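Bear in mind that the values in this text are calculations on the coordinates, not laboratory data. Bear in mind the structure is a predicted one, so any value in this text is a computation, not a measurement. Cβ atoms come from the backbone with ideal geometry, glycine included; neighbour counts cover every protein chain shown.
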Amino acid sequence: MTANKSEADRVVIFDTTLRDGEQSPGATMTHEEKLDVAALLDEMGVDIIEAGFPIASDGDFAAVHEIAKRTKNAVVAGLARAGQKDIDRCGEAIKPAQRGRIHTFLSTSPVHMKWKLQKEPHEVLDMVVASVTRARNYTDDVEWSAEDGTRTEHDFLCRCVEAAIKAGATTINIPDTVGYTVPEEYFAMFQMLRERVPNADQARFSAHCHDDLGMAVANSLAGVRGGVRQIECTINGIGERAGNAALEEVVMAMQVRNDVLPFWTKVDSTMLTRASKLVSAVTSFPVQYNKAIVGRNAFAHESGIHQDGMLKNTQTYEIMTPETVGVKQTSLVMGKHSGRNAFKHKLEELGYHLAANQLEDAFVRFKTLADRKKHVYDEDIEALVDEEIATSEDRIKLVSLTVIAGTMGPQSATLTLDMDGRHQTVQSSGNGPVDAIFNAVKALMPHEAVLELYQVHAVTEGTDAQAEVSVRLSESGRSVTARGADPDTLVASAKAYLAALNKMVVRRQRGMQEAVMVGGRRIHSTDTV
Ligand code: KIV
Ligand code: ZN
């Protein structure tokens, strides 16, 4: 990093994990999960958090509004199309923010104007002016985006950008909406805009790149060389289709190669791994093993030659230390001989402070795991404790599970659940062992929720690894995601399914309580109204 950082070389980081990221098919997050992600983004020094698209749904509105209320440092942005209703709804949503931004966009490419908008260029130009002007009634911080900007004719793009700035836009974003551009072209486009648009110096230019050709990060950095001082990106690069530029990659590229990219950001890079894990967990999108910066192999050295070099000097094969991105060295020291104190110490090192009874339960589970498993990694302990915290408040708990699987079929499951203190047992069959388990759960707890996602990950390596299963259920248009971990994949599956149902029960109860708020008086949900 440069010793004397000048404000002119600072690249503002605009995170859109909660908006463009959440648009990835299957990456829906619950309200609480969005709040957790926003809090972490704020803590790690992201400049702008695009919290959602308020007109899209009441849920999106509520998330933007709540994040606007809670965020301490970052600017909170909401997205709006060019219409009045969109902008007004967005203005409402960001109202509680200390610093709120309206991000309004409109397509400018010939193909989008003709087929999507069915409008002539002069009509589009009028809409640009009208939308930015309306947004300025709510906030001085207005960003305007030329959707499909990289496939827009330059003369028309210049006219739109000039008009948007004149109407009061302070940030001009030129998205590569379809991931089509290449670094040289994107660089030249910003140079062209800065040379040709007369009021270009009155706005900050922004890059927003999609990864359809795998160049989103390279394009964003080329944009910076062309004069861009804001990059729009997402944690783990999640986003529409192939995703957006990955925040962790753009931040680390400027940090590690500051000699050729002499720019800086305010992001605390030691929080990148934590952010990646959180986003992966709440979306149930696994991070590719060889993903730059945050993949589990990003700092792993397997070959003998590399290991030998690393032992002599880590710089032989590492261009950054794991610590700079917040990777803790995996430790193998915990095992079946470890005592309570060592376990407690390890938990504190991992950031857990459990109550005495939770600690005792977690310790018993750790001992059981250590008896079954040769190496107990930090990740195993994290999974086990997360599980412990989640189950301590559950109304439905797994008591026992026996599964008959294999080629002889039919596969069946005998399941006993503790439901509000009462034990109930059922036997069910199914098309495979997981189906049999889920049918057994359904027999004991009839419900209408639909299974949207079932995913198994191994938390650590080896056939004795802890399995972590993610399950997403949806009911009445709302979904919950939950995880369960166990060395037995089938037990982990049952736990994940039950955890999701428990979340749903809590949500239903919360919904009922809200529904019986009458005339400002809260009536207990069991009372009749
Ligand atoms: O990719 C895109 O064009 C967008 C805009 C809404 C900014 O996400
Ligand atoms: Zn986008």
Exercise for review: Name the residues whose placed amide hydrogens come within less than 5 Å of the amide hydrogen of Phe53, ignoring near sequence neighbours (fewer than 5 apart) on the same chain.
Suggested key: Leu79
Check your understanding: Each label point is 7 Å from the Cα along the Cα-to-Cβ direction; what then is the distance between the points at Val450 and His423, in nm?
Key -> 3.7
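How do Lys266, Lys346 line up, fewest other C-beta atoms within 10 Å first? The partial results should precede the final answer.
Working: Lys266 16, Lys346 19.
If I rank by nearby Cβ atoms, fewest first, I get Lys266, Lys346.
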Practice item. Compute log10 of I(q)/I(0) for segment 394-513 with the Debye formula, placing one identical point scatterer on every Cα and leaving out solvent, at q = 0.09, 0.10, 0.13, 0.23 Å⁻¹, to two decimals. Key: -0.24, -0.29, -0.50, -1.39
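Loop sites only, by DSSP: take the GluC sites (Glu not before Pro) in the chain that have at most 14 other C-beta atoms within 10 Å and name the longest stretch containing none of them. All intermediate terms of the calculation are to be shown ahead of the outcome.
Working: sites that count: Glu153, Glu302, Glu393, Glu448, Glu461.
It runs 1-152.
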Review point. Assigning unit charges at the beta carbon (Lys, Arg +1; Asp, Glu -1) and nothing else, what dipole magnitude in debye, to the nearest 20, does segment 81-192 show about its Cα centre?
Key: 460
Exercise for review: Report, in cubic angstrom per residue, the convex hull volume of the C-alpha atoms of segment 1-135.
Suggested key: 150
Study note, to complete from the structure: Toy charge model, Lys and Arg Cβ at +1, Asp and Glu Cβ at -1: the chain dipole around Cα centroid in debye, rounded to 20, equals 820
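Determine the relative contact order of segment 394-513: mean sequence separation of Cα pairs under 8 Å and six or more apart, normalised by residue count, in whole percent.
Relative contact order for segment 394-513 comes out at 18 percent.
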Review point. In debye to the nearest 20, how big a dipole does segment 315-364 give about its Cα centre with +1 on each Lys and Arg Cβ and -1 on each Asp and Glu Cβ?
Key: 180
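With an 8 Å cut-off on Cα pairs and a minimum separation of 6 or more residues, tell me the relative contact order of the chain in percent.
Values: 1025 pairs, mean separation 50.7, N = 529.
Answer for the chain is 10 percent.
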Study note, to complete from the structure: Applied in sequence order to segment 39-51, the curve 6.51 cos²θ - 1.76 cosθ + 1.60 (Karplus, θ = phi - 60°) yields integer Hz couplings, x standing for Gly and Pro, of 4, 5, 4, 5, 5, 7, x, 5, 7, 10, 10, 7, 8
Practice item. Calculate, for Arg194 and Arg508, the FRET efficiency according to 1/(1 + (r/R0)^6) with r their C-beta to C-beta distance and R0 56 Å; round to the nearest 0.05. Key: 0.55
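Only sites in a loop by DSSP and with at most 10 other Cβ atoms within 10 Å count here; which trypsin sites (Lys or Arg not before Pro) in segment 1-76 make the cut?
Working: sites: Lys5, Arg10, Arg19, Lys34, Lys69, Arg70, Lys72; in loops: Lys5, Lys72.
Sites meeting the loop and neighbour criteria: Lys72.
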Point to revise | Mean Cα-pair separation over length for segment 11-283, i.e. relative contact order, pairs under 8 Å, 6 or more apart, % | key: 20
Point to revise | Computed label-point distance, nm, for sites Asp488 and Lys69 using a 7 Å Cα→Cβ extension | key: 4.4
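Given axes a ≥ b ≥ c from the Cα gyration tensor, I'd like to know whether segment 205-290 is rounded (a/c under 1.5), prolate (a/b larger than b/c) or oblate. Let's see the in-between values first.
On the way: a/c = 2.09, a/b = 1.38, b/c = 1.52.
Verdict is oblate for segment 205-290.
Just for the chain, what percent of DSSP beta bridges are antiparallel, to the closest 5?
Values: 37 of 72 bridges.
Antiparallel bridges: around 50 percent, rounded to the nearest 5.
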Practice item. For segment 11-283, list log₁₀ I(q)/I(0) at each q in 0.11, 0.15, 0.16, 0.17 Å⁻¹, using the Debye formula over Cα point scatterers of equal strength and ignoring solvent, two decimals each. Key: -0.54, -1.07, -1.23, -1.40
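Compute the projected area of the convex hull of the Cα atoms of the chain, averaged over all viewing directions, and report it in nm² to one decimal place. Mind dumping the intermediate values first?
On the way: hull surface 118.4 nm².
One quarter of the hull surface, i.e. the mean projection, equals 29.6 nm².
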Revision key, fill the gap. For segment 229-242, in residue order, the Karplus 3J(HN,Hα) values (coefficients 6.51, -1.76, 1.60; θ = phi - 60°; whole Hz; Gly and Pro = x) are 10, 9, 10, 9, 7, 9, 5, 6, x, 6, x, 3, 6, 7
Exercise for review: May I ask you to list the residues of segment 152-195 whose amide nitrogen lies under 14 Å from a point 7 Å from Cα along the Cα→beta-carbon direction of Lys114?
Suggested key: 152-153
**Study point:** Derived scalar couplings ³J(HN,Hα) [segment 290-300; Karplus, 6.51 cos²θ - 1.76 cosθ + 1.60; whole Hz; x for Gly, Pro]
**Key:** 9, 4, 4, 6, 10, x, 5, 8, 4, 10, 9
Review point. For segment 232-272, what does the alpha-carbon gyration tensor say about shape, rounded, prolate or oblate, given a ≥ b ≥ c as the root eigenvalues, a/c under 1.5 as rounded, and a/b over b/c as prolate?
Key: prolate
Check your understanding: Which whole number in µm²/s is D for segment 125-185 by Stokes-Einstein, with the Kirkwood Rh taken over Cα pairs at 4 °C and 1.567 mPa s?
Key -> 108
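In the chain, which longest range has no chymotrypsin sites (Phe, Trp or Tyr not before Pro) that are both DSSP loop (not H, G, I, E or B) and surrounded by at most 15 other Cβ atoms within 10 Å?
Longest run free of exposed loop sites: 1-288.
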Review point. What is segment 53-207 by shape, rounded, prolate or oblate, if you read a ≥ b ≥ c off the alpha carbon gyration tensor as root eigenvalues and call it rounded for a/c under 1.5, prolate for a/b larger than b/c, and oblate otherwise?
Key: prolate
